[in-house]
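Written below as structure tokens is the structure these notes are about.
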Amino acid sequence: MRQDRVTVVEPNGVQRTRPLTPRGMMIGRGGGCDLIVAYSSVSRNHARVTFDGKAYYVTDLGSANGTYLGDTRLMPNESTPWTFGQPLHIGQVTIHLQQLEPEVASATVADAEATRMWTAEEMETVSKATKKRNWVAIALWIAIPVVLVVIALLVVLFLLVLNGA
């Protein structure tokens, strides 16, 4: 059985891989999509990938920002052949179609549940946690030197009082 995959490259460089099935794949930011791409430049139901038994096809589903194969914008609701090595651009994300060898394909099917796109809510949670950690680090970098200066001034004042008494 043929088992290919797509690799999604996000704007920050993070890559995620997802297996393709013979039934194809719906791509968008909507919760019902097979491949969720949680960016505002991506429509809820942005594009569809289909497989006719020989080749893959991409169809833009009337998205607001368009779907591009290489530098060519796809016409809405028209299936266009998608070949290996040809980048698919959806919003800020690039998707690559990859053909797998049979032994690699069986391992990918077993790991299918472990490889998925993050939802918008998960990305927001990680973003908030990272921002909170950054503020704590900044606060510590400011507070520690201030506390050390205050301690040094208190020691100097104590020594002055001792010598003056």
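The values are calculated or read from the model by the stated rules, or taken from the named source; none is laboratory data. Source: prediction; values computed, not measured. With ideal geometry, Cβ positions are generated from the backbone for all residues, glycine too; neighbour counts draw on all protein chains shown. Surface accessibility is based on the protein's heavy atoms, side chains included, excluding ligands, DNA and RNA. Shrake-Rupley method; radii C 1.70, N 1.55, O 1.52, S 1.80 Å.
Subtracting the Cα-Cα distance of LEU140 and THR50 from 0.36 nm times their residue separation leaves 27.1 nm of extension gain. With all protein chains in place and ligands, DNA and RNA left out, the 1.4 Å accessible area ranks GLU10, GLU78 as GLU78, GLU10, largest first. Here the label points at VAL150 and GLN99, each 7 Å from Cα along the C-beta direction, are separated by 6.9 nm in the simple model. Under a 5 Å amide H cut-off, with hydrogens placed 1.01 Å from N, THR94 pairs with VAL9 among residues at least 5 apart or on other chains.
A probe of 1.4 angstrom, applied to the heavy atoms of all protein chains, finds TYR56 with accessible area near 10 square angstrom.
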